[in-house]
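The values are calculated or read from the model by the stated rules, or taken from the named source; none is laboratory data. Treat the numbers as computed from the prediction; the structure is a model and nothing was measured. Virtual Cβ from ideal backbone geometry, glycine too; neighbours counted across all protein chains shown.
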Amino acid sequence: MNLALSLRSEMLKTKRTASWYFVTIIAIAVSAIFVLTVSANDPSNKANLWTAIYTEEFKSLNLLVLPMFTILVCTLLPQIEYRNNTWKQVLASPQKFMQIYLSKFLVVQLLLLLFLFVFLVSAAVCTLLSGTLNPSLQLFDYSPDWPSLAQCTVRTYLSLLSLSVIQFVLGLTMKNFIAPIATGFVLWLVGNLLLFEMHSTLANIFPYSFSAMVVFPKYKASFPMIELGSVGLSVLCLAGGYYLFARVKRNT
């Protein structure tokens with residue numbers, strides 16, 4: 001069995017859960033709330049309200065919503081086999097450990113990308129509706145800064161990549177889902193403390209601080225290093241996680 005078949009098998013498993021619906025509903029709800037809030041509080045003093053809306057949305061998204069969402073999804077989704085007691089069945093199938101590991105990881109990443117895509121589309125639709133209902137916003141006189149929006153989206157995903165890998169490995173190797181979720185939330189709080197309260201340089205190498213840093217202009221000079229650091233940590237944690245996963249499952 002190749003990786004494509006393993007990935008298809010994992011996708012079928014998630015279809016039996018509420019994962020895809022959960023991702024879509026949360027993304028739409030969050031984007032609608034952000035658009036309504038910014039439109040109501042800032043109706044006319046911005047030359048281009050599109051920029052104001054997407055700027056505020058990404059700040060709230062990166063500071064709170066996406067880290068919490070990533071911790072939950074990347075932890076709970078790999079727990080399907082534990083909840084259904086089907087690990088022995090999966091390990092007995094004609095799949096290599098690497099195929100099982102990578103297919104589960106790719107499904108998690110697809111969910112994160114789906115969240116970002118639905119969020120951006122929903123935000124655009126809600127913004128257009130706001131402009132239609134309230135012409136004073138002058139939304140149709142301007143358009144989003146597409147290159148900056150695309151750059152911000154890619155930067156957001158890359159900054160979350162290392163966090164998602166760590167939570168994925170914790171969720172895949174721990175039977176109790178509470179422990180990895182609690183660990184993730186504690187580390188996220190520590191990351192915010194390092195960044196906003198202590199103003200520590202350790203935040204530059206702490207993966208749970210990355211998503212918050214990439215939405216503040218004062219850290220702009222560090223953006224490339226944050227993205228590269230997140231990708232590098234992701235590769236290391238993914239490799240280390242596979243070693244741990246294979247070792248644990250061989251002894252199962």
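Of the residues making up region 66-83, those that are under 24 Å from Pro217 (Cα atoms) and surrounded by fewer than 20 Cβ atoms within 10 Å (Cβ to Cβ) number 1. Could we say that Leu160 is closer than 15 Å to Val65 by Cα and free of Cβ contacts under 8 Å to residues at least 40 places away in the same chain here? So Leu160 fails the test. For region 94-126, the set of residues classified as over 24 Å from Asn251 (Cβ atoms), surrounded by fewer than 22 Cβ atoms within 10 Å (Cβ to Cβ) and among the aromatic types (Phe, Trp, Tyr) consists of Phe117 only.
If the condition is being surrounded by 20 or more Cβ atoms within 10 Å (Cβ to Cβ) and in a helix (DSSP H, G or I), then region 195-207 contributes Leu195, Ala203.
Residue by residue, here is whether (1) over 17 Å from Thr24 (Cα atoms); (2) small (Gly, Ala, Ser); (3) touching a helix residue (DSSP H, G or I) at 6+ places or on another chain (Cβ under 9 Å); (4) touching a residue at least 24 places away in the same chain (Cβ under 8 Å) holds:
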{"site": "Ser60", "(1), (2), (3), (4)": "yes, yes, yes, yes"}
{"site": "Pro67", "(1), (2), (3), (4)": "no, no, yes, yes"}
{"site": "Cys74", "(1), (2), (3), (4)": "no, no, yes, yes"}
{"site": "Thr86", "(1), (2), (3), (4)": "yes, no, yes, no"}
{"site": "Ala92", "(1), (2), (3), (4)": "yes, yes, no, no"}
{"site": "Phe105", "(1), (2), (3), (4)": "yes, no, yes, yes"}
{"site": "Leu113", "(1), (2), (3), (4)": "no, no, yes, yes"}
{"site": "Ala124", "(1), (2), (3), (4)": "no, yes, yes, no"}
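Would you confirm, using the coordinates I've provided, whether Tyr54 is in a helix (DSSP H, G or I), within 23 Å of Ala123 (Cα to Cα), hydroxyl-bearing (Ser, Thr, Tyr) and modelled with pLDDT of 80 or more? When the stated conditions are applied, Tyr54 passes them.
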